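A.B. asks: Below: one structure in structure tokens.
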Amino acid sequence: MKSIALSSSLILLTILTSSASLAEEGMSFFDRYAENFSAILKQQTAYATHSSAHSTSHSSHSKKNQWQQNEWQLDLEYSEAIDAGIFSGDIMAIARGRFDSQDELEDESGNTLRVREMYWQSYGENSFWRIGKQQVVWGEADGLKLLDVINPQDFREFILDDFDDSRIPLWMVNAQINTSDSGILQLLLIPDTSTHTLAGSNSTYQFTSPMIVPNITAESLSALGISELVSHKEKNAKSGDTGLRYSDFISLQDSSWDITLNYLHHYIDSPVVSSTINNDQLIIDFQYEASHLIGGSASTVLGDISLRTEIAYETDRYQRSENTLKGINVVIPSIVKGDLLSSVIGLDFQGLSDHFISMQWYRQTLLLNEDKLQQAIADRDEDRLTLLWETKFLNETLTTRWQHIHGVNHGDGVLRPKVTYNWQSNIDIYLGADYFYGKTEDFFGQFNKTDRIVAGFSIGL
Amino acid sequence: MNAQNFFRWIVDHPKRIIAAGFLLIFTMASFLPQLTKDTRADAFLAADNPALVYRDKVKQLFGLSDPMVIAVVAKESIFTIQGLNTIAQITESIAKLDNVDPDGITSLYSENNIVGSYDGLEVEPFYDRAITEQSQADAVRNAIRQFPLYQGSLVARDESASLIVAEILDDALVEHTYLEILSMVESLDLTDELEIHIAGEGAVAGYMGSYIDADAKRLNPLAGLIITIIIFIAFLRISTTLMANLIILASAVLTLGSMAAFGIPFYVITNALPVILIGIAVADSIHIYSEYFERRSFHPQEDAKESVVYALTEMWRPITLTTLTTAAGFLGLYASAYMPPFKAFGLFTAIGVSAAWLYSLTMLPAVMSLLKTEVHPKLATKIRSHEQDSFAKLMMALGHISQNYTKTVVTISILVISLGILATTQVIVDEDRINVFHPDEALYKADHAINSRFDGTNYLDIVIETPSVEGLFSTEVLTKIESLQVYAESLSPVQGSISIVDYLKQMNRALNEGDDKFYTIPAENDLIAQYFLLYSTSSSPDDFEEEVDYDYQYANIRVMLNKGAFSQTKELVEQLENYVAHQFNDASVTATITGRVNLNYHWIKDLGFSHFSGMGIALFLVWLVSSLLFRSPIAGMYALIPVATSILLVYSAMVFFQIPLGIGTTMFAAVAIGLGVDFAIHTIDRIRSFYLQEQSISAALQRFYPTTGRALFFNLLAIALGFGVLISSKVVPLNNFGSIVAIAVVTSFLFSMVLLPAMILLFKPNFITGEKSSNNAAGILVTNSLPTLTVLALTLVATATLLTSNESTAGDIELPNGNWVAEQINAIDDGDHRVNFMDTKLTDRRGKIRERKTISYRKYFGEEKRTVLFYRSPRNIKNTGFLTYDYPELEKDDDQWLYLPALRKARRISASDRGDYFLGTDATYEDIKLEGKLSLADFSFTSLGREAISTEERTRYGLADKEYLLLEGKPKNDDAAKELGYGRSLAWVDQDNWIIIKGQFWDVNLNPLKDLYVGDIRQVDGYWTRHQLTILNHKSGHKTEFTFSEVDYKKPVKDNLFSRQALTRGVPK
């Protein structure tokens, strides 16, 4: 509410201050402001192909109908250049309204109307400033997040939504300073403590894998003499995040590299879930913990192939584990703390005209001692492979896309074929499918009953 | 790894080989749907052939093409109610067809009569509604009698028939149009009084496609069936027939798949390719199975796999030799042919032969090791007992002749050779496209019917050019035209001609009360202009669009001939060229001969030379390969003799039976060499091998005939009967081709079986008697190793490639050097930096439009050029950005990034595919980067001349009326051509500002690819700037229009705008 009020005022102010000049110029309001507004209307319909819903052990959620989603989303964008001394620059605001008539995703956000992004930006002689609610994306990986952890994510549709739509913009100061002809130092100050928005209980994409959420059975509770479950949820992280990135372009004799060095001190956007027993109560704590992230990325082109690499080292990361309580043969969910090393190597092949073939190998390594490793649910090394194949036809008006993410350790994954046709200059229509496979306890396999066919369009206005 | 180990590995891992083999087949088969057909006569000429280029220009100027000609023939007179109404009905129906130019229909119903009246001229149709009374028909007849122009051209001189001529819009669709016209004609309700005939080049091209398809559908299965039967008779096993068919399938699919993959269309002559492949592909299997079954007969206890290894080890060398020599023969054709279909035929047959070789040496042993086929007991008994079946006995009989009548054989051969050499000098080169069709075919009959009654369906056009607009308003020029017509009509086989002069004479007479004395050219220049003006008040100015252009600067004389054969038109074309060279081609007027007959002349005139040079090259290559492989030039000569003799024998037959050397038959020499030499190679190879063991030529021959000879006989049967199938073809040239190749191959076989052994017996050459033996059983040839053979194969290809290098045209010595011109273009100052808006309009072939708006910035950092472009609309792609660093060093690839707002990331993209199309437009990345400049690193340039742009183009793109320098660009090497996607380019350069105002581009196969037009060229801030670019892509039918606006060379552009991070910030405000 506050943000809407703030943004509306800002827009109104801008309009009012410039409206005086309109009269002098003899232009109507519409003439003057039409070019400042643009909009994009998206519609997506999803049809679930499994008759039973993604049901969890906690719920007896049975599926009502097959239609999963009939969502309309309108992003209204306003941009304006302002000339105000040292505050000269541009302002930009995007408001989003979303309505889903099926409401099967049953998330917390539900139908929304809010300001999505709003910022002021300006170019200095050797600097660039963007202050406001925005998205900042780091890293070279596609579809995977190693360094791209600045903005939290809305998981109402798991990872199926475009990241640009699922990323949650944050209020921050984003300053970029040129250190040389090609070097740029970026500083991020993020007081906004928003965190991931998870899919709500009993929704289609609620997390149920024990790798992510604790699995507490009734038998365990009874064996422990627990009669009551108490949740302590910390709404948001305690304080804001800080980030620093140095990026440069290094041109050598035979090759050239884009490199970045990244540091981020941030609160992990998903809560650490721990539990303690107090008499007959099991108290479940949801805490947001801080972590340091140090990493970097590099990319270059070798002939027809682009090579992308990214690495991230994170401290103080908590992993789901299972402990057996002393004396009682019951497994209770727990956590272990350690460091995490993630890396990705991606190869993009563009040797065939109109084809883009990209493969990535992602590895995440838990840096835990042997003891903790035994307890952790995740494997020490978690590997994922991704494949993206895009082909364009008819002067790039028709695009077919095949995306596959495969978890090597557990043999689970997701397949996402899609066909998009640019019907008019400003209208795209598409048809696709999302197919999950694997065991229900795995990261992707937990959604193996949520396969769906999607169709939709977007209209740029 | 030696051969034995290699084949052992194959038989030990058969499934992998089989899987790989099928994968390759399926992969190549996946290309097959892309195979296109091209039955146009124009396909026989390379796209840059000046005759073709000029003909296309004429097409543009006058809208003339190769028309469909429909004749309505009556028993007595066409001027009857039904006759004229039928003409009207057909004219109206044809006008509605999509591919027919509604303004390009000429018939009694569409043409106008020119008569004088009190007020001046009356230009009225002969008739414009249904005829209801005979008197109306008589009026039409009388009007025609007063209009000499139409007698013989539109109406038969005996008035029994009339023509309807329809110009076609798109040659590629002519087959469909022909079928539509056929069905329209069939739906007419005609009495017995009238007959309809459809002919003309349009009909020929139209029918050719389906005619040849029907033929192929019949021939190919027939050839396959015959081969299968032969194999079965030879080996008595089903599995052998299946395997032979598999090899054929692989060969055919790989060949046709390669053609499709490389975008080579299926030409008329390509129909012969599958039949040839069937014959060749099976030969290797025959030899391998023969050896294998012989081994099984003598070593039945041996593991079948070992037998396979043995057979392949024995046979791989001769098989490889024959593949190389056959490929050499076809590459000779590829090297010497100047027509794209022949080049394609030669090259892809060589590929097919190689594919058969590959599968015979890999897939075949793999399958054999799994099937473990046992030799048929009957065959085994025969082999073991050395009993000779009838085939072996036949071969022994040949051996008997060779050994016992040695000198006689050699003498007769010398006689045959001498006669053959004499005959070669008498061979006639001739071609008439209508003779593709069997005399029973409707089209053939139609052609004859029309050509016997009218001036003819074969056209020659002579384009008259004057230096300025309305240059034709000159009695002097028109008199020259008239004289030219008179001269042309005096030559055979010209029957008539039409030009603007005929219309003017008619008008002159009409305006002088129909007095025949005034059937002349008006006496004064002004009068000519006035007559046209007067005409235009009574009728449409379009009436003469086939005779003059809009500005009265160019005129066309259409000369009609009733014969189209090269031999009958050659002299005519040469005489006209001679006349034109003397009487025209001065400052006031020039004339150029063009049209279908001229095209055919250019097409065929070099055929003879090409045929003989092709044969020479093929023979040379075969000799070279054979000599190298046998390590003896004499052996190479021996290998050539049977096949050369057979070719000479064929020439004798062609002279005797009066079969001309034409399109269909010219290929026979290269084919016969390629196929026939196999017999000689195998003969020499095996005789040498047996000699090593027997140390006696006679003993070697005794072993040779029943074994290798027998296998060669089946080889011959396969090929000869395969080609024999072509004898049943309805396509006459293919029929001739099949017959003569069959004769050549049979005689080559006979000479190999009889003459070669005779010569060996007589002369005892060292390459048979004096070679050291190697350790291998059949190791006559030192070239055991695959690398050596590979080098040989490559040498072959390199030789062929070298022979195909084109000479470049010298050009006019007054013209500036092409590369110098390119340097001037590149030296244009385009400012240190620049900002502009760019609107892009993309129109697909269906007319659907998509628009994009972008803003781009460009700046030089020293010699390095950096460009960044952002999309501003539509909203869906707003903020998409493209950044490129263009380095001056040639060896350093550009760096490029693409920012996708949906990902919020800038992605590095490879810059090595410069020929890829830029973001859905018809401009490539290289085009965008060059910004109107030329790449001297990739192309070499030649100035061809000076040429003006057509009025229409000038008007549309706002270009000056002047001459532009015509600059041709050719890629410096194949890599550049392939990478950039251009095989040739033409640019029209304005020498005042060194801007290219028009460009034409051809793809790597020299098919027209796209046209570029530049418009609204003016200076901005002192820099010449192109504001409009239009690109028309002929292949996809897509059009891109770039419009540049608010171009600013002064507004400062910050350096940091050209960085990856700046891309991610979106459109700069």
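The values are calculated or read from the model by the stated rules, or taken from the named source; none is laboratory data. Just so it is clear, the model here is predicted, and its values are computed rather than measured. Backbone-built Cβ (ideal geometry, glycine too); neighbour counts: all protein chains shown. With ligands, DNA and RNA removed, areas are computed over all heavy atoms of the protein, side chains included. Shrake-Rupley method; radii C 1.70, N 1.55, O 1.52, S 1.80 Å.
A.B. asks: Give, as residue ranges, the strands (runs of 3 or more DSSP E) completely inside the range B:899-1005 that count at least 3 residues that are within 14 Å of chain A (Cβ to nearest Cβ) and within 30 Å of A:W423 (Cβ to Cβ).
C.D. replies: B:905-909
A.B. asks: Here is a follow-up. For A:D348, state whether it is within 11 Å of chain B (Cβ to nearest Cβ), among the acidic types (D, E), surrounded by 20 or more Cβ atoms within 10 Å (Cβ to Cβ) and touching a residue at least 40 places away in the same chain (Cβ under 8 Å).
C.D. replies: yes
A.B. asks: Related question: Any chance you could count how many residues in the range A:351-377 are surrounded by 15 or more Cβ atoms within 10 Å (Cβ to Cβ) and farther than 30 Å from B:T924 by Cα?
C.D. replies: Of the residues in the range A:351-377, 12 are surrounded by 15 or more Cβ atoms within 10 Å (Cβ to Cβ) and farther than 30 Å from B:T924 by Cα.
A.B. asks: Tell me, which residue of the range B:872-889 that is charged (D, E, K, R) and under 41 Å from the mean Cα position of the chain (by Cα) is surrounded by the most Cβ atoms within 10 Å (Cβ to Cβ)?
C.D. replies: If we take residues in the range B:872-889 being charged (D, E, K, R) and under 41 Å from the mean Cα position of the chain (by Cα), then B:D886 is surrounded by the most Cβ atoms within 10 Å (Cβ to Cβ).
A.B. asks: Can you name the condition, by its number, that B:Y887 falls short on among (1) over 24 Å from A:S358 (Cα atoms); (2) of a type outside the set (D, E, K, R); (3) touching a residue at least 60 places away in the same chain (Cβ under 8 Å); (4) within 9 Å of another protein chain (Cβ to nearest Cβ)?
C.D. replies: B:Y887 satisfies every listed condition except (3).
A.B. asks: I would also like to ask the following. Tell me the helices (runs of 4 or more DSSP H) entirely within the range B:532-640 that contain at least 1 residues that are buried (at least 18 other Cβ atoms within 10 Å of the Cβ) and free of Cβ contacts under 8 Å to residues at least 24 places away in the same chain.
C.D. replies: Result: B:607-630.
A.B. asks: Could you tell me whether any residue of the range A:434-451 is within 14 Å of chain B (Cβ to nearest Cβ) and either farther than 24 Å from B:T1040 by Cβ or aliphatic (A, V, I, L, M) (or both)?
C.D. replies: The answer is no, given that none of the residues of the range A:434-451 is within 14 Å of chain B (Cβ to nearest Cβ) and either farther than 24 Å from B:T1040 by Cβ or aliphatic (A, V, I, L, M) (or both).
A.B. asks: Does A:R380 qualify as being among the basic types (K, R) and buried (at least 17 other Cβ atoms within 10 Å of the Cβ)?
C.D. replies: Numbers: among the basic types (K, R): yes; buried (at least 17 other Cβ atoms within 10 Å of the Cβ): no.
Answer is no for this residue.
A.B. asks: Restricting the range B:808-827 to residues that are β-branched (V, I, T) and at pLDDT below 90, which is least open to solvent (accessible area, probe 1.4 Å)?
C.D. replies: Here the answer is B:T809.
A.B. asks: Under the condition of being touching a residue at least 60 places away in the same chain (Cβ under 8 Å) and not in a helix (DSSP H, G or I), which residue from the range B:264-320 is surrounded by the fewest Cβ atoms within 10 Å (Cβ to Cβ)?
C.D. replies: B:P300
A.B. asks: Run down A:D181, A:D192, A:D154, A:D164 and say which single residue is open to solvent by 10 Å² or more (accessible area, probe 1.4 Å), in contact (Cβ under 8 Å) with a residue 24 or more places away in the chain and within 11 Å of chain B (Cβ to nearest Cβ).
C.D. replies: It is A:D164.
A.B. asks: Would you tally the residues in the range A:117-151 being more than 10 Å from every other protein chain (Cβ to nearest Cβ) and among the hydrophobic types (A, V, I, L, M, F, W, C)?
C.D. replies: 9
A.B. asks: Okay, moving on. Could we say that B:S698 is modelled with pLDDT under 85, small (G, A, S), open to solvent by 10 Å² or more (accessible area, probe 1.4 Å) and over 17 Å from B:Y638 (Cα atoms) here?
C.D. replies: no
A.B. asks: Sticking with this one: Filter the range B:411-427 for residues that are open to solvent by 70 Å² or more (accessible area, probe 1.4 Å) and in a helix (DSSP H, G or I) and give the result. Give the derivation first.
C.D. replies: Initially, the range B:411-427 is screened for residues open to solvent by 70 Å² or more (accessible area, probe 1.4 Å), giving B:411-412, B:414-415, B:419, B:421-422, B:425-426.
Selection gives B:T411, B:I412, B:I414, B:L415, B:L419, B:I421, B:L422.
A.B. asks: Which ones in the range B:1027-1065 are in a loop (DSSP other than H, G, I, E, B) and either facing another protein chain (nearest Cβ under 9 Å) or open to solvent by 20 Å² or more (accessible area, probe 1.4 Å) (or both)? Show your work before the answer.
C.D. replies: If we filter the range B:1027-1065 for residues that are in a loop (DSSP other than H, G, I, E, B), which is where we start, we get B:1034-1038, B:1049-1054, B:1058-1059, B:1065.
Scanning the range B:1027-1065 gives B:H1034, B:K1035, B:S1036, B:G1037, B:H1038, B:K1050, B:K1051, B:P1052, B:K1054, B:S1059, B:R1065.
A.B. asks: Same structure, new question: In this structure, does B:S354 turn out to be open to solvent by 10 Å² or more (accessible area, probe 1.4 Å) and within 38 Å of the chain's Cα centre (by Cα)?
C.D. replies: Yes, satisfied.
A.B. asks: When only residues in the range B:305-331 that are of a type in the set (A, V, I, L, M) and more than 31 Å from the chain's Cα centre (by Cα) count, which is nearest to B:F612 (Cα to Cα)?
C.D. replies: Selected residue: B:I319.
A.B. asks: In the range B:428-472, what residues are open to solvent by 40 Å² or more (accessible area, probe 1.4 Å), in a loop (DSSP other than H, G, I, E, B) and not charged (D, E, K, R)?
C.D. replies: B:I428, B:H438, B:P439, B:P467, B:S468, B:V469
A.B. asks: Follow-up question, since we're still on this one. Scan the range B:420-442 and report the pairs whose first residue is touching a residue at least 24 places away in the same chain (Cβ under 8 Å) and more than 22 Å from B:H602 (Cα to Cα) and whose second residue is part of a loop (DSSP other than H, G, I, E, B) and open to solvent by 20 Å² or more (accessible area, probe 1.4 Å), with Cβ atoms within less than 6 Å and a gap of 6+ or a chain change.
C.D. replies: Hits for this filter: B:H438/B:K730.
A.B. asks: Anything in the range A:420-460 that is under 23 Å from B:T843 (Cβ atoms) and of a type outside the set (F, W, Y)? List them, or say none.
C.D. replies: Within the range A:420-460, A:T420, A:N422, A:Q424, A:S425, A:N426, A:I427, A:D428, A:I429, A:S458, A:I459, A:G460 qualify.
A.B. asks: Any idea which of B:Y691, B:Y705 is open to solvent by 20 Å² or more (accessible area, probe 1.4 Å), at pLDDT 85 or above and not β-branched (V, I, T)?
C.D. replies: B:Y691
A.B. asks: I've got another one for you. Out of all the residues in the range A:258-270, is one or more out of contact with any Leu (no Cβ under 9 Å at 6 or more places or on another chain), crowded, with 19+ Cβ neighbours inside 10 Å, within 14 Å of chain B (Cβ to nearest Cβ) and assigned to a strand (DSSP E or B)?
C.D. replies: yes
A.B. asks: Continuing with this model, one more query. Which one is most open to solvent (accessible area, probe 1.4 Å) among residues in the range A:417-460 that are over 20 Å from the mean Cα position of the chain (by Cα) and hydroxyl-bearing (S, T, Y)?
C.D. replies: Going through the qualifying residues, I end up with A:T440.
A.B. asks: Has the range B:477-485 got at least one residue that is open to solvent by less than 20 Å² (accessible area, probe 1.4 Å), in contact with a Leu (Cβ under 9 Å, 6 or more places away or on another chain) and either more than 22 Å from B:S153 (Cα to Cα) or at pLDDT below 90 (or both)?
C.D. replies: No, there is no match, as no residue in the range B:477-485 is open to solvent by less than 20 Å² (accessible area, probe 1.4 Å), in contact with a Leu (Cβ under 9 Å, 6 or more places away or on another chain) and either more than 22 Å from B:S153 (Cα to Cα) or at pLDDT below 90 (or both).
A.B. asks: Can you pull out every residue in the range A:424-433 that is facing another protein chain (nearest Cβ under 9 Å) and either of a type in the set (D, E, K, R) or part of a strand (DSSP E or B) (or both)?
C.D. replies: A:Q424, A:I427, A:D428 - these are the residues of the range A:424-433 that are facing another protein chain (nearest Cβ under 9 Å) and either of a type in the set (D, E, K, R) or part of a strand (DSSP E or B) (or both).
A.B. asks: Can you find even one residue in the range B:728-739 that is modelled with pLDDT under 65, under 30 Å from B:S613 (Cα atoms) and hydroxyl-bearing (S, T, Y)?
C.D. replies: Taking the range B:728-739 as the starting set, the residues that turn out to be modelled with pLDDT under 65 are none.
The answer is no; no qualifying residue exists.
A.B. asks: Looking for whichever is touching a residue at least 24 places away in the same chain (Cβ under 8 Å), part of a loop (DSSP other than H, G, I, E, B), open to solvent by 30 Å² or more (accessible area, probe 1.4 Å) and within 14 Å of another protein chain (Cβ to nearest Cβ) here; the options are A:E390, A:E396. Which one fits?
C.D. replies: A:E396
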